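To start, the structure itself, in structure tokens.
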Amino acid sequence: MLSVQGSVSSQRKLSSGISRRSALRIGGLGAAGLSLPQLLKAEANSPANNRQRHKSVIMIYLCGGPPHQDMYDIKTAAPKEIRGEFQPISTNVPGIEICELLPGIAKNMDKFVPIRSMVGARDSHYSYQCMTGYHEQNAAAGGWPHFGSVVSHFEGPVTPGTPPFVSMCYTTKHQPYNEPSPGFLGLGHSAFSPKGPGRDDLVLQGITADRLRHRSQLLTSFDKFRRDCDASGKMTGMDTFTQQAMGILTSPELFNALDVSKESQETRDRYGVADETKPRGDAAPMCPQNFLTARRLVEAGARVVTVNHSFWDWHSNNFKTGREELPVFDKGISALVEDLHERGLQDDVTVVVWGEFGRTPKINNNGGRDHWPRVCSALLAGGGMKTGQVIGSTDRLGGEADDRPVTFQEVFATIYHNLGTNLDSERVFDFRGVPRSFIEPGVKPIAELIG
């Protein structure tokens, strides 16, 4: 907390309750050119707060495959049936232009990195590659783990009351949009998912913390024989769940982080809000308010927070839908990245925004764009990366990577690098006993981002 010091007894107080001397000191901060964002950044970097500083990732999954050529890669020289209706606008980085419906990102382009040349996708409506870096075909025995589960396994929790991996994703009607499991890492590294009725269980209902601990001790004794005899590993996972539940129920950090009403109305308005009870298509609702929740969760100690946002499978009415969707997304994501910078978290929190593939260069007869796995885009920010640049390019029609193709694996290698996670510190085996690596041999972090 930013404190105002001074002896109440020895100083004359103003009508607001702040002493004249303290008011002058606050005024002196303003005179020195310190804005409120700078004060927040100074507070975040203070020794009192550094005890809980950690690296984290916020991943925003755009279910359905967003149209890269109508967002970050508008093709002004392409024929009308490919170029589309949206105009490009300049950003605050000379030479970079993006869609006119993304003015917030344009104003903050120095804090972002669009990747225009993502390759390696498949024509499959699933979150698997965006969440694991792999495809489901020929997967490791037990399944490739969600990257949040990988981080949970290698890094563990920052604080007892906040799980390392929190999913703010809604359950979608189209099942493959939903997040993959912890795979062969086991149930103990599943996401904590507070969306839905489970949130009511985050607080003690008339039970004291001491009484809860006694119940936990009884449970441990009762289950000891089953844990000793269990060969499936599920009871080990249950041990982790029990520990997480105890931490959650006996400390307020997680529940408080989920309560965005603790933020000022100005901050909530800055991110925007949409009706989370109304899914878009067969995917998720618009949920810019969850971008704010994600920021609060990483501040509370989460290492990975995932959010699924809206529905981007626009086979018809691409431009009408874009005019509805893009301003909401732009407002929320630009508020998130601005907020991270103002709070001094731009080096600690990596933001990744993407979908499972791109869209066809040619607009179809219904005014939409169809699936196009040959190239797609991503938007990155934070993480101490070299922002204010574009990585890669596509050809004149936006259908092929023309320069610097980037793979999903390279993005994940960058994420793990930013987190400081050493994936070589331990040999990990799948359910058949085969040693597995979470990054393919030879894949490195994106050099343009980390130097």
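The values are calculated or read from the model by the stated rules, or taken from the named source; none is laboratory data. Please read all numbers here as calculations on a predicted model, not as lab measurements. Every residue, glycine among them, receives a Cβ derived from its backbone with ideal geometry; neighbour counts consider all protein chains shown.
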Note on segment 427-451: residues in contact (Cβ under 8 Å) with a residue 24 or more places away in the chain and in contact with a Phe, Trp or Tyr (Cβ under 7 Å, 6 or more places away or on another chain) are D430, F431, R436, I439
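Do we have R122 as outside any helix (DSSP H, G or I) and buried (at least 19 other Cβ atoms within 10 Å of the Cβ) here? Break it down stepwise before answering.
On the way: outside any helix (DSSP H, G or I): yes; buried (at least 19 other Cβ atoms within 10 Å of the Cβ): no.
No; evaluated as a whole, the condition is false for this residue.
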Failed condition for V304, given (1) over 16 Å from the mean Cα position of the chain (by Cα); (2) modelled with pLDDT of 95 or more: (1)
Find all pairs meeting these conditions: Cβ atoms under 7 angstrom apart; at least six residues apart or on different chains; first residue within segment 146-159 and crowded, with 19+ Cβ neighbours inside 10 Å and in a strand (DSSP E or B); second residue modelled with pLDDT under 95 and not aromatic (F, W, Y). none
Give the residues of segment 315-346 that are under 26 Å from R295 (Cα atoms) and of a type in the set (S, T, Y), sorted by residue number. S334
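Considering only segment 192-200, I want to know if a residue exists there that is modelled with pLDDT under 95 and of a type in the set (A, V, I, L, M, F, W, C). First the steps, then the outcome.
Start the filter on segment 192-200 by keeping residues that are modelled with pLDDT under 95, which leaves 192-200.
Still in the running and of a type in the set (A, V, I, L, M, F, W, C): 192.
Yes, segment 192-200 contains a residue that is modelled with pLDDT under 95 and of a type in the set (A, V, I, L, M, F, W, C).
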Based on what the data block shows, is G322 over 15 Å from the mean Cα position of the chain (by Cα), of a type in the set (G, A, S) and not in a loop (DSSP other than H, G, I, E, B)? yes
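With respect to D424, determine if the residue is among the acidic types (D, E) and more than 23 Å from P157 (Cβ to Cβ). Talk me through it step by step, then tell me what you get.
Working: among the acidic types (D, E): yes; more than 23 Å from P157 (Cβ to Cβ): no.
So D424 fails the test.
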